[in-house]
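The next block holds one structure in the form of structure tokens; read it before the comments.
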Amino acid sequence: MKVKLIIISIVLLLVMVFASGCIPVMEKIGLINPTNEEQLSPEKGGPPDGLVKVLIGFKEKPGAAQQALVKGVGGKIKYTYHIVDAIAASIPQKAIDALQKNLNVRYVEPDGIVQALDAELDDSWGVKHIGAGVVHDLENKGAGVKVAIIDTGIDRNHGDLTVVGGKSFVSYTEDFDDDNGHGTHVAGIVAALDNGDGVVGVAPAASLYALKVLDSGGRGDFSDVIAALQWCVDNGIQVTNNSYGSSGDPGVSFKEAFDSASGILHVAAAGNSGNPPARGDNVGYPAAYESVIAVAATDLNDERARWSSTGPAVELAAPGVGIYSTYIGGGYATYSGTSMASPHVAGTVALMIAAGITTDIRNELQSTADDLGDSGLDWLYGYGLVDAEEAAGVIGGILDPPPAGGTMHVDSIDMLFNEPATAGPNKFYTAVATVTIVDGSSVPVEGAAVSGTWSGATNDTDSGVTDASGQVSLQSDKVKNPESDTIFTFTIDDVIKDEWEYDENSSVTTASESVP
């Protein structure tokens, strides 16, 4: 009897231990899979009682020390970013002052809300109006260009859409399927299939990615948008469409996320906060940022929609009134808004990239736009109505070859040492500088002649031509028995390629490495 009681007691004790906080132990011994911090955080859908949602900016890239600081004030971490030096978390209100006074913290700002931007209802015409059909006839449908729809998700089962991949950032589901309709409508404008059924998008062969940051009500957190942008950087996205906005400035982290997502072209709805007389600056965010193309909405007569936002940030205009496109449940619907204008431009960018236009895309969009309103750049239409036909290099029904030149710069100089050569007691060191040349859209430039000078441990010159990855490796002369910490320095003298301009001001021009 005593033995039986002892066994029962041990079993009950084990149950209590596992039920009361031994999950880490269970993870270590393999009984359950470890859960990452983002999944554990209960505040993805809303902060726990007594906590407020914030974005905490640091003076360096956040790691274990910064995470410990947030947890130390009672915070619950949602995201730790690497494209911006920030952490999204929920913290006690009283901890804000303490964090702001910490010497390692740059700022603490609210993690606010963005929401989908749409207005009213009518009939399909936009894709044809901007000349995209002419581009399609010449076999350019944007094939392979990666376009991310940052929105409410995309109906993955819609017969007129092909969704390559995606991710959900909202709290209640890991599925990026659309439970609102807004994202599916936007996606169809960009890339509805050219299959003889329903509608056709501006770039029907583009690769669509669904990044769900807005919930079923069309609302989402700043922090989730930043996380989606980080996903875009990590997954090679080339174009993002952002048909959502905030009337108030979302703050430093939000802006830096768009600014730092290098190599990606961001297109956004200017907003639906305009007024019939077109008075005032009312462009929302992120469209108001310099790193984002802000798109206003026009009707079939190329007139500004009365609700389309106005301001100096407006860069282009596109059809946004009565746009017929795909909708959830496999159907179609007609909507109006700058949310519908923006994807016309995002799709046009996909056509341009597919045509081989990878340098100065924004300048090309501006220079080929059909001027509307006041002559030149204005607050209502920007540079004018986007012209997919001209922007993608089509003139008179003939596809122009990609531009021969552009502007290039040195993106990086990576230094390393070859394994020292030995001759008796002597060691001979050579340093290697790998130079990467890219254009204004961060696309590698092949065939650029790079010349430079070695200094410090040796004095010699070297030159070479970049390969298909935009790189060339240049080697110093041998140096016999250099002392530890002897410095090898390589400095760019010039970069030359026919019909290309070398932008020295945007370039990394020198790099050094010390002998170990």
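When peptides 484-496, 321-333, 444-456 are sorted by average Cβ neighbour count within 10 Å, with the highest value leading, the order is 321-333, 444-456, 484-496. Summing +1 for each Lys or Arg and -1 for each Asp or Glu among the other residues whose beta-carbon sits under 12 angstrom from that of Ser273 gives +1. For the cross-link pairs Lys141/Lys167; Lys59/Lys255; Lys78/Lys212; Lys61/Lys478; Lys61/Lys212, the ones whose C-alpha atoms lie over 28 Å apart are Lys61/Lys478. When the alpha carbon coordinates of region 407-514 are projected onto the principal axes, the ranges are 50, 23, 19 Å, largest first.
Rounded to the nearest Hz, the phi-derived 3J(HN,Hα) couplings of region 449-460 under the Karplus curve 6.51 cos²θ - 1.76 cosθ + 1.60 (θ = phi - 60°) are 7, 10, 10, x, 10, 8, 9, x, 6, 8, 10, 7, where x marks glycine and proline.
Residues in region 187-197 carry Karplus couplings, in order, of 4, x, 5, 6, 8, 4, 5, 8, 10, x, 10 Hz; the curve used is 6.51 cos²θ - 1.76 cosθ + 1.60 with θ = phi - 60°, and Gly or Pro positions show x. Directionally averaged projected area (region 114-399, Cα convex hull): 12.8 nm². From the list [x] 228; [y] 165; [z] 330, can you say which value of volume of the Cα convex hull per residue in Å³ was derived from the structure given? Entry [x]. Remark: relative contact order (the chain) = 12 percent; criterion is Cα-Cα distance under 8 angstrom and separation of 6 or more residues. Rounded to the nearest Hz, the phi-derived 3J(HN,Hα) couplings of region 377-392 under the Karplus curve 6.51 cos²θ - 1.76 cosθ + 1.60 (θ = phi - 60°) are 5, 9, 6, 8, 10, x, 7, x, 6, 4, 10, 4, 4, 6, 4, 8, where x marks glycine and proline. The residue among Gly311, Tyr383, Gly112 whose Cα reaches farthest toward the positive pole of the charge dipole of the chain, with charges on the beta-carbon of Lys, Arg, Asp and Glu, is Gly112.
Taking amide H atoms as placed 1.01 Å from N in the peptide plane, the amide H of Phe176 lies under 5 Å from those of Ser168, each 5 or more residues away in sequence or on another chain. Taking the number of Cβ atoms within 10 Å of each Cβ as an exposure proxy, the fewest-first ranking of His266, His344 is His266, His344. Cα centroids of region 314-354 and region 281-311: 13 Å apart. Listed by Cβ neighbour count within 10 Å, with the fewest neighbours leading, Trp125, Trp231 appear as Trp125, Trp231.
Taken about its Cα centre, the chain carries a charge dipole of roughly 2880 debye when the Cβ of each Lys and Arg holds +1 and the Cβ of each Asp and Glu holds -1. Less than 5 angstrom separates the built amide H of Thr486 from those of Val515, all sequence-distant by 5 or more or on a different chain.
Sorting Val432, Val410 by the number of Cβ atoms found within 10 Å of their own Cβ, with the fewest placed first, yields Val432, Val410.
Computed from the coordinates by the stated procedures, all read-outs in this text should not be read as laboratory data. The structure presented is a predicted model; accordingly, all values stated were derived computationally and were not measured. Quick reminder, even Gly has a Cβ in these numbers, built from the backbone with ideal geometry, and neighbours come from all protein chains shown.
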